[in-house]
Amino acid sequence: MIWADAHVLPAIDITYSEGQTLLSYLKSNSYGSGHVNPNAAADPGLIYDLNVTDYLNYPSFSIYNLTGSVTVTRMIKNVCPAGTYTATVEEPRGIRVKVEPNCLKFGTGEEKIFNVTFNVDSPSSTYVFGSITWSDGTRYVRSPVAVRTRL
């Protein structure tokens with residue numbers, strides 16, 4: 001497969017293993033990019049494809065001053081053999097997260113759109129963290145989530 005430059009960073013971002021963080025703020029909260037896993041990045045399964053006009057399709061979710069609820073749309077692309085991926089959510093404290101659809105069946109090279117809805121249950125004056133992980137049972141595509149609500 002020929003990779004575009006815009007495929008490399010998302011593949012590395014979503015295939016890291018838990019580990020040492022890079023930013024001191026995130027380090028104090030035990031979150032961050034962790035250790036790069038180049039072998040997994042060569043076979044990530046799914047990527048958040050980017051082009052020069054669409055950097056809104058980033059592999060992480062950061063919501064600031066959330067009140068009530070917000071829905072975010074993302075497109076994800078299969079860069080490996082056909083497969084079915086299911087979303088698992090680690091909800092940030094006080095935030096309900098719903099992924100729709102939460103199961104995506106891909107052909108090789110196929111792109112799918114999904115929505116993530118964030119609902120405030122308990123407001124917080126600080127960021128709270130979680131993740132959304134897509135998996136086919138072999139590959140794990142993890143997207144960090146950071147949410148700060150408005151009190």
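The values are calculated or read from the model by the stated rules, or taken from the named source; none is laboratory data. Keep in mind it's a predicted model, so treat the numbers as computed, not measured. Methodologically, a virtual Cβ is constructed for each residue, glycine included, from the backbone with ideal geometry; neighbour enumeration extends over all protein chains shown. When the accessible area is computed, the model is the full protein with side chains, heavy atoms only, and any ligands, DNA or RNA have been set aside. Shrake-Rupley method; radii C 1.70, N 1.55, O 1.52, S 1.80 Å.
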Practice task
Could you check, for segment 51-63, whether at least one of its residues is at pLDDT 90 or above, in contact with a Lys or Arg (Cβ under 8 Å, 6 or more places away or on another chain) and surrounded by fewer than 16 Cβ atoms within 10 Å (Cβ to Cβ)?
Solution key: no
Fill in the blank from the handout: Residue pairs qualifying under the 6 Å Cβ cut-off, at least six apart or on distinct chains, with the first in segment 71-89 being of a type in the set (D, E, K, R) and the second being modelled with pLDDT under 95, are R74/N57; K77/I47; K77/D49; K77/E111
Handout entry: Residues (closer than 28 Å to V79 by Cα, in a loop (DSSP other than H, G, I, E, B) and without any contact (Cβ under 8 Å) to a residue 24 or more places away in the chain) located in segment 97-133
Key = P101, N102
Exercise for the section: For segment 97-110, indicate whether the set of residues that are modelled with pLDDT under 95, closer than 23 Å to S125 by Cα and open to solvent by 50 Å² or more (accessible area, probe 1.4 Å) is non-empty. Expected result: no
Exercise for the section: Considering every residue within segment 74-94, establish whether at least one is at pLDDT below 90, closer than 16 Å to W134 by Cα and touching a helix residue (DSSP H, G or I) at 6+ places or on another chain (Cβ under 6 Å). Expected result: no
